[in-house]
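Worksheet for the structure shown next.
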Amino acid sequence: MYDFERVEASYEFLSCVTYTDCHKSNFRKIEHMKAECADGSYVFTMLGSTEESVDGIVPEGWGEIILKFGKALYPISLKVNESGEVFGINEFEKFKEQWMTRRREIVESYENNFFIKKESYRYALALKTEEKFIDILRRNMFYCLLLWQDVASEHKVEIRDFPASGRLAIFTFNDKKYDDNGGVSYETGQVNDEGSGRLLSGQAKLQIYRDKDGLPKEIKLKARVEEAETGYFTKEITIKRL
């Protein structure tokens, strides 16, 4: 799928949720990465994001704190095979120790606030093992779509905090179609939630277009769910190579 020796790329990530009252909430960031071929596979070094905003405003308060913990993880060097599957993290123990040091610095900068320290433990649990961290990355929306495996017969896309905070909408994609522009698309009505059983129905469409080097050029995902006693929610995600 990939065809490069070395490459650098940046992606604009846009996410928009439309609620039942037609109110919209938008999130934007720019993700940066570089990748190179290594021993028949690839190393994707994710450099982190910049220009984050929620409804055009730089995150403040708790949102800023969460962002700091996330940024402290980078850079992350992923071992990726030809089909896009992440199978390892370069020097995982060193990477983990680096984050633990940064974590302590963040907590101390907020005078060891109880709630901030508690939040830091959630990230620490994600780094408990290399396998656990890779599993979490695979379910992260940006990584799930950026490293989409065209050859897989089935894909599960987990949209977190949708239709509301703490909720999940999990779509299962199977058959793919090709269009005249060389893109691949998927459509599905198979959706499950986090176990509450509140979702009555859902539909989603995914479109992926690749550049000559095999990296995504543009990705579009539109999902809609119907929640019992509430109504319809829509999530639209666009990832565009800059």
What are the pairs with Cβ atoms under 7 angstrom where one residue, in region 24-47, is closer than 21 Å to Gly63 by Cβ and the other, located anywhere, is open to solvent by less than 10 Å² (accessible area, probe 1.4 Å) and not in a strand (DSSP E or B)? Sequence gap at least six, or different chains. Glu31/Phe142
Only one of these conditions is not met by Gln207: (1) open to solvent by 20 Å² or more (accessible area, probe 1.4 Å); (2) part of a loop (DSSP other than H, G, I, E, B); (3) within 24 Å of Ala9 (Cβ to Cβ); (4) not hydrophobic (A, V, I, L, M, F, W, C). Which number is it? (2)
Within region 56-74, track down each residue that is touching a residue at least 12 places away in the same chain (Cβ under 8 Å), assigned to a loop (DSSP other than H, G, I, E, B) and open to solvent by 40 Å² or more (accessible area, probe 1.4 Å). Gly56, Tyr74
Name the pairs: first residue in region 191-218 and under 16 Å from Tyr178 (Cβ atoms) and among the charged types (D, E, K, R), second residue open to solvent by less than 70 Å² (accessible area, probe 1.4 Å) and modelled with pLDDT of 95 or more, Cβ to Cβ under 6 Å, at least 6 apart or on different chains? Arg210/Pro216; Lys217/Tyr209; Lys217/Arg210; Lys217/Asp211; Lys217/Arg241; Glu218/Tyr209
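Of the residues Val7, Val107, which is of a type outside the set (Ser, Thr, Tyr), within 17 Å of Pro216 (Cβ to Cβ) and open to solvent by less than 40 Å² (accessible area, probe 1.4 Å)?
Values: Val107 fails: within 17 Å of Pro216 (Cβ to Cβ).
One residue alone meets the criteria, Val7.
Collect the residues in region 110-154 that are acidic (Asp, Glu) and farther than 26 Å from Ala223 by Cβ, keeping them in residue-number order. So that I can check it myself, show each step before the final result.
Residues of region 110-154 acidic (Asp, Glu): 111, 119, 130-131, 135, 150, 154.
Matches in region 110-154: Glu111, Glu119, Glu130, Glu131.
Here are some residues: Glu31, Glu82. Which one is among the acidic types (Asp, Glu) and not in a strand (DSSP E or B)? Reasoning before the result, please.
Details: Glu31 fails: not in a strand (DSSP E or B).
So the residue among Glu31, Glu82 that is among the acidic types (Asp, Glu) and not in a strand (DSSP E or B) is Glu82.
Can you name the residue in region 136-189 that is outside any strand (DSSP E or B) and acidic (Asp, Glu) and, of all such residues, is nearest to Leu125 (Cα to Cα)?
Within region 136-189, the first condition is being outside any strand (DSSP E or B), and the residues that meet it are 136-154, 161-167, 174-175, 179-183, 189.
Going one step further and asking which of them are acidic (Asp, Glu), we end up with 150, 154, 161, 175, 179-180.
Details: Asp150: 31, Glu154: 28, Asp161: 20, Asp175: 35, Asp179: 42, Asp180: 45 Å.
Per the criteria, the residue is Asp161.
Please go through region 1-25 and pick out each residue that is part of a strand (DSSP E or B) and more than 21 Å from Ile208 (Cα to Cα). Reasoning before the result, please.
At the first step, the residues of region 1-25 found to be part of a strand (DSSP E or B) are 6-18, 24-25.
Hits for region 1-25 are Arg6, Thr18, Lys24, Ser25.
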How many residues are crowded, with 17+ Cβ neighbours inside 10 Å and part of a strand (DSSP E or B) when one looks only at region 85-97? 2
Return the residues of region 75-84 that are of a type outside the set (Lys, Arg) and surrounded by 14 or more Cβ atoms within 10 Å (Cβ to Cβ); say none if nothing qualifies. Pro75, Ile76, Ser77, Leu78, Val80, Asn81, Glu82, Gly84
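Take Ser53 and tell me if it is within 19 Å of Arg138 (Cα to Cα), in a strand (DSSP E or B) and either of a type in the set (A, V, I, L, M, F, W, C) or within 21 Å of the chain's Cα centre (by Cα) (or both). Show your work before the answer.
On the way: within 19 Å of Arg138 (Cα to Cα): no; in a strand (DSSP E or B): yes; either of a type in the set (A, V, I, L, M, F, W, C) or within 21 Å of the chain's Cα centre (by Cα) (or both): yes.
It is false that Ser53 is within 19 Å of Arg138 (Cα to Cα), in a strand (DSSP E or B) and either of a type in the set (A, V, I, L, M, F, W, C) or within 21 Å of the chain's Cα centre (by Cα) (or both).
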Restricting region 120-161 to residues that are over 19 Å from the mean Cα position of the chain (by Cα), touching a residue at least 12 places away in the same chain (Cβ under 8 Å) and surrounded by fewer than 16 Cβ atoms within 10 Å (Cβ to Cβ), which is farthest from Asn192 (Cα to Cα)? Val151
Can you go through Asp211, Asp161, Asp175 and tell me which one is over 28 Å from Gly63 (Cβ atoms) and modelled with pLDDT under 95? Asp175
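The values are calculated or read from the model by the stated rules, or taken from the named source; none is laboratory data. Bear in mind the structure is a predicted one, so any value in this text is a computation, not a measurement. Methodologically, a virtual Cβ is constructed for each residue, glycine included, from the backbone with ideal geometry; neighbour enumeration extends over all protein chains shown. Side chains are part of the model used for accessible areas, which takes the heavy atoms of the whole protein and leaves out ligands, DNA and RNA. Shrake-Rupley method; radii C 1.70, N 1.55, O 1.52, S 1.80 Å.
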